[in-house]
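Where a number appears in this text, it was derived from the coordinates with a stated rule and is not lab data. A quick note: this is a predicted structure, and the numbers were derived from the prediction, not measured. Here the Cβ is made from the backbone with ideal geometry for all residues, glycine too, and neighbour counts use every protein chain on show.
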Amino acid sequence: VTPSNRRPNYGPRNGKDESGVSGRVRVAVRLRPRNTDEILADADFGDYVELMPELKRLRLRKNNWDSETFQFDEVLTETASQKRVYEVVAKPVVESVLEGYNGTVMAYGQTGTGKTYTLGKLGEEDTAGRGIMVRAMEDILADTTSEQDSVTVSYLQLYMETVQDLLAPEKDNISIVEDPKTGDVSLPGATLVEIKDQKSFVELLEIGEANRFAANTKLNTESSRSHAILLVNVKKMAKLKPERELSSLNENGSNIQLSKNHRIPTIRKSKLLIVDLAGSERVDKSGSEGHTLEEAKYINLSLTALGKCINALAENSPHVPIRDSKLTRLLRDSFGGSARTSLIITIGPSPQHRGETTSTILFGQRAMKVENMVKLKEE
Ligand code: ADP
């Protein structure tokens, strides 16, 4: 392996320093196919979103004579397979998690545009339909086979600024702890399950989904208003010393002299977060869903804070309001932190939702400007 092909193929190489390599947040857009109602209702409207996958562009028609074009890292049409979506959106992140970097994959978009389909679909009867969570675990398990390797998982829901454990519903207020020295975020109260095979992982996701449904029924909430967070901790033996590997990454491709002890094995710890964000449509202040104004503020708080952090990072603002919400505290590493991050924004084909689609696209455009500093973790 030469130094140049060891580095994950992940964004431009500018902005590096000696503590790591940097990478921009990668953003893909996915268009959901029309459902039966939309085929009937929109018959006369024509297509108001035009995808140009080869150019990785999306054109949004404003009216008959005016349109706007947006550039993304990937543009996934309504016929893109789940396999392809995994390969372009999540696989590079999973590969770097297996190399010892932290990684995040998250989905943002209006309710009903395919976030859960993209991330969480189990596809038990239809393996081609399997989503990102199941495919990611398959790749992780295939690459963590030595005795010292381990894979553990927590599964959580964040609703109204409260973190609930989806694997132990009685734990309904999990605290987020930040290490004051390293800034590492952990959830010491959350259930942690060791995963040995794919079957037990799928069972765990099913338990999580059932608990999510039960918790939301009890609280009379809709799951579209909560964020679902899957946390996968990976511990893996690495053959090369991380500093050596990193220094070789940062060179211009010439041969690096490795020290004599470069084969001393090191344990690398990394985590993968897969986040199914709450629907990006705002909770109506008028209380049409039976919420008081105070509740509406709380429901919106985390997603609004995420938007503010992304804006601040995109504009290189000195103040990033990371501490303003539980979601941004949990994701502190994922935006502007030390992780590789992929965002998939999902949109629907109906011109009725033009406003939501436009705001989703603009969110994705701002996220593309965010640079992360990626570091290796070792024990
Ligand atoms: P969200 O999580 O954004 O609210 P869902 O994932 O629940 O949206 O998707 C809404 C509906 O559309 C579901 O019935 C889902 O099965 C369907 N759907 C979403 N994306 C696709 C797709 N790419 N192909 C086929 N059906 C899809």
Q | Unit Cα scatterers, Debye sum, region 75-198: log10 I(q)/I(0) for q = 0.10, 0.14, 0.16, 0.18 Å⁻¹ | A | -0.39, -0.77, -1.01, -1.23
Q. Over region 32-156, what relative contact order in percent results from Cα pairs under 8 Å that are six or more residues apart?
A. 16 percent
Q) Mind listing the phi-derived Karplus ³J(HN,Hα) values for region 334-344, rounded to whole Hz, using 6.51, -1.76 and 1.60 with θ = phi - 60°, and x for any glycine or proline? A) 7, 10, x, x, 9, 9, 8, 10, 10, 10, 10
Q.
At a 10 angstrom cut-off on C-beta neighbours, averaged per residue, how do the peptides 30-40, 298-308 rank from highest to lowest?
A. 298-308, 30-40
Q: Please report, to one decimal in angstroms, the Kirkwood hydrodynamic radius of region 280-371 built from all distinct Cα-Cα pairs.
A: 14.5 Å
**Q.** ³J(HN,Hα), Karplus 6.51/-1.76/1.60, whole Hz, each residue of region 360-372, x for Gly, Pro
**A.** 5, 5, 5, 4, x, 5, 5, 4, 5, 8, 8, 9, 10
**Q.** Exceeding the 23 Å Cα-Cα cut-off - candidates Lys269/Lys308; Lys181/Lys269; Lys235/Lys326; Lys91/Lys369
**A.** Lys269/Lys308; Lys235/Lys326
Q: Would you give the gap between the C-alpha center of region 309-325 and the C-alpha center of region 356-371, rounded to a whole Å?
A: 15 Å
Q. How large is ³J(HN,Hα) for each residue in region 121-131, as worked out from phi by the Karplus curve 6.51 cos²θ - 1.76 cosθ + 1.60 (θ = phi - 60°), to whole Hz, x for Gly and Pro?
A. 4, 7, x, 5, 8, 10, 5, 5, x, 4, x
